[in-house]
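Read the structure below first, then the notes.
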Amino acid sequence: MVLENHCHVVVQGDKLDALVARFKSYTARKIIDYLEARRVDSRLKRLRFAKKAHKQDRVYQFWQEGCHAELILSDDMMREKLDYIHMNPVKRGYIEKPEHWRYSSAGHYLGHGGLLDIDQWH
């Protein structure tokens, strides 16, 4: 992602590359519309600067190009990926406990729920 934050997600589905592309397109459009409506010019300037010169189909670049998918092959690997994702905002100093990050599934795994319903891995 072009902003300071990173987005990690565990997903499953057919045609995953198309699914991720649609997700990135939709979320980028919504976030950019939000920033424009509220005239958050400092962020928009950064997104404009991040756009690659050869990209003629957009004014801003929100997401990094590409997707770094990994096939999860075992329960141990799934736990490792979830722990990494849940600890990311803690490592960056945003929060003290993973379950405090409102955009994380960590709260779900502690029985607190969250912003979105998820299919929990056990």
Filter result for L47 (in contact (Cβ under 8 Å) with a residue 40 or more places away in the chain and surrounded by 14 or more Cβ atoms within 10 Å (Cβ to Cβ)): yes
Which numbered condition trips up R29, out of (1) among the basic types (K, R); (2) assigned to a helix (DSSP H, G or I); (3) loosely packed, with under 10 Cβ neighbours inside 10 Å? (3)
What pairs can you find where one residue is in region 55-69 and over 20 Å from K15 (Cα atoms), the other is basic (K, R) and part of a loop (DSSP other than H, G, I, E, B), and their Cβ atoms are less than 9 Å apart, with a gap of 6+ or different chains? R58/K51; V59/K51; Y60/K51; Q61/K51; Q61/K52; Q61/K55
Just wondering, is there one or more residues in region 79-92 that are surrounded by 11 or more Cβ atoms within 10 Å (Cβ to Cβ), in a loop (DSSP other than H, G, I, E, B) and aromatic (F, W, Y)? no
D17 - would you say it is more than 26 Å from D119 (Cβ to Cβ) and exposed (fewer than 12 other Cβ atoms within 10 Å of the Cβ)? no
List pairs: first residue in region 76-105 and touching a residue at least 24 places away in the same chain (Cβ under 8 Å), second residue surrounded by 12 or more Cβ atoms within 10 Å (Cβ to Cβ) and among the acidic types (D, E) anywhere in the structure, Cβ distance under 7 angstrom, at least six positions apart or on different chains. none
Flag for R22 being surrounded by fewer than 15 Cβ atoms within 10 Å (Cβ to Cβ), under 22 Å from S105 (Cα atoms) and not assigned by TED's automatic domain parsing to the domain that holds S105: yes
Assuming A21 fulfils every condition listed in (1) assigned to a helix (DSSP H, G or I); (2) under 29 Å from G93 (Cα atoms) apart from one, which condition is it? (2)
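The values are calculated or read from the model by the stated rules, or taken from the named source; none is laboratory data. Keep in mind the model is a prediction, meaning the values are calculated, not measured. Here Cβ is always computed from backbone atoms with ideal geometry, including for glycine, and neighbour counts include all displayed protein chains.
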